[in-house]
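A.B. asks: My questions will all concern the structure given below.
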Amino acid sequence: MTRDLVSISDLRDDDVVALLDRADRFSADVRGHTGRRPGALLATLFLEPSTRTRLSFEAAMLRLGGRVVTSADAKSSSSSKGETLADTVRMVDGYADVIVLRHPSAGAARLAADLAVRPVVNGGDGGREHPTQTLVDLFTLRRRFGRLEGLFVVLWGDLRFGRTTHSLAEALLRFGARVLLLSEPGLEFPSGVLDHLRHGGAETADVEVSGPPTFGALPLRGVLLGRALGRPTALNFDQERPNAIYVTRVQAERLPGGVGAARRLPTVDRRFLAEAAFAETAILHPLPRVGEIAPEIDADPRALYFVQAAAGVPVRMALLDAVLDDVGTWGGPPDVVATTDRSRCERQGCISGAEAAPPLSSRQGARCGYCGESFARNPHVAD
Ligand code: NCD
């Protein structure tokens, strides 16, 4: 068994804290660790576009004194000739000591991790998860606020196809934060992820959200997540000021037909940040931004997104360093079990439809172990 990181659920809370602490140590002197992993070889297998994730992983390995081989896009890899992911992964597994995979299908990292002997790290699998971005986000929030416990964080934008928020919501809840989901119309948080969070003990409440006039077309409906929430039906930003707003772009490339979605959430600009409700609110974004945040606020001390991007290097140094320790799995077992053929998912966007993947389901019941969505809602599976 190796230390794969497919989902944020693979890490126990103490694994996360240990990684963030290790990242703190690296960030104190990112240039001072080139003697740490001499000869270690990272393969970055990116079958979907990336700037930050790939470059920060590669920078992290080089900063640890290791080396990197890369396949930076699907066009330059044999997947454009029709090679299956399974074959590509088996081969790269023979070349490198650790693989970071980005792929357009949900569950691709699960499949790769199950096939590879070497550790596989999920650098983003379709609209499903992005656990290493979550480590970067937690690191940034912990640095700014000195804690995660008790924070009130708004996750904002495309919550359906934006994979970063799926992993981040789980982690924030586990560390005792309250989360408000505010999505663009039609881009609500996936029900499979909500079920998973509820299973982990989170309560959810539909709330009517109101706030200052620059907040746009109010009131909006949102979903509040947390523990011991009571039964709230409304939330006013003037009374409950967010510690952070985590903005995401509409993932146009994943929308059916590639069409843009209507936006109702306001652009985060100087006027928006002038509201008393947001006087102390940190603004995060996994980037790239495409108009959700005006560049005029970039120099504002509340704008953390470039600080957040820079944290990618020490956080990924910590992760690679831990993965290369080769001391077995993380604290918890992966949330999947082998299942019968009848439960095959084959939903569009799920790797199990694109490849002959062995059927897997979630330990928590009738959800696909690759894409996380309910088997019951799968039109291809008889009830
Ligand atoms: C995100 C991603 O790829 O999911 N980017 C990143 O890794 N920092 C967010 C996005 O593409 O919108």
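A.B. asks: Using a simple spin-label model with points 7 Å from Cα along the Cα→Cβ vector, what separation in nm is obtained for Ala338 and Glu83?
C.D. replies: With each label placed 7 Å out from Cα toward Cβ, I get 2.7 nm.
A.B. asks: Taking the full set of protein chains and a 1.4 angstrom probe, give the accessible area of Leu173 in square angstrom, rounded to the nearest 10.
C.D. replies: 10
A.B. asks: OK, next. What size of dipole, in debye to the nearest 20, comes out for segment 1-122 about its Cα centre when the only charges are +1 on Lys and Arg C-beta atoms and -1 on Asp and Glu C-beta atoms?
C.D. replies: Numbers: 17 positive and 16 negative charges, 87 e Å.
So the dipole magnitude of segment 1-122 works out to roughly 420 debye.
A.B. asks: Tell me, what % of the accessible area of segment 226-302 is carbon and sulfur with a 1.4 angstrom probe?
C.D. replies: 51
A.B. asks: Return the percentage of antiparallel bridges among DSSP beta bridges fully within the chain, rounded to the nearest 5 %.
C.D. replies: 30
A.B. asks: Let me ask another. Per the Kirkwood formula on distinct C-alpha pairs, the Rh of the chain is how many angstrom? Write down the numbers at each step before the final one.
C.D. replies: Values: mean 1/r = 0.0472 Å⁻¹.
Taking the inverse mean of 1/r over all distinct Cα pairs, the chain comes out at 21.2 Å.
A.B. asks: If you find the alpha carbon centre of segment 94-117 and of segment 269-291, how far apart are they in angstrom?
C.D. replies: Result: 35 Å between the Cα centres.
A.B. asks: Further question: Can you find, among Gly216, Ala244, Ala43, the residue farthest towards the positive end of the dipole of the chain? Put +1 on the C-beta of Lys and Arg, -1 on that of Asp and Glu.
C.D. replies: Looking along the dipole axis, the top candidate is Ala43.
A.B. asks: Accessible area of His166, 1.4 Å probe, to the nearest 10 Å²?
C.D. replies: 10
A.B. asks: Still on this structure, I have one more. Quick one: longest stretch of the chain between exposed loop GluC sites (Glu not before Pro), exposed meaning at most 14 other C-beta atoms within 10 Å and loop per DSSP?
C.D. replies: Longest stretch, sites excluded: 150-279.
A.B. asks: I've got another one for you. With charges only on Cβ, +1 for K and R and -1 for D and E, what is the dipole size of the chain about its Cα centre, in debye, rounded to 20?
C.D. replies: Dipole about the Cα centre, nearest 20: 320 debye.
A.B. asks: Here's something else I'd like to know. With r as the distance between the Cβ atoms of Arg31 and Glu296 and R0 = 41 Å, compute the FRET efficiency 1/(1 + (r/R0)^6) and round to 0.05.
C.D. replies: So, using R0 = 41 Å, E works out to roughly 0.80.
A.B. asks: Loop-only check: which trypsin sites (Lys or Arg not before Pro) in segment 226-289 are DSSP coil with at most 13 other Cβ within 10 angstrom?
C.D. replies: Passing both the DSSP loop test and the Cβ count: Arg227, Arg264.
A.B. asks: Still on this structure, I have one more. Beyond 27 Å, what share of the Cα-Cα pairs of segment 109-255 is found? Please give it as a whole percent. Provide the component values of the computation, followed by the final result.
C.D. replies: On the way: 2380 of 10731 pairs.
Within segment 109-255, distances greater than 27 Å cover 22 percent of Cα pairs.
A.B. asks: Where does the Debye-calculated log10 I(q)/I(0) of segment 1-74 sit at q = 0.16 Å⁻¹, using only Cα point scatterers of equal weight, no solvent?
C.D. replies: -0.73
The values are calculated or read from the model by the stated rules, or taken from the named source; none is laboratory data. In this text the structure is predicted, and so the values were computed from the model without any measurement. Virtual Cβ from ideal backbone geometry, glycine too; neighbours counted across all protein chains shown. The area values use the complete protein model at the heavy-atom level, side chains included, leaving out ligands, DNA and RNA. Shrake-Rupley method; radii C 1.70, N 1.55, O 1.52, S 1.80 Å.
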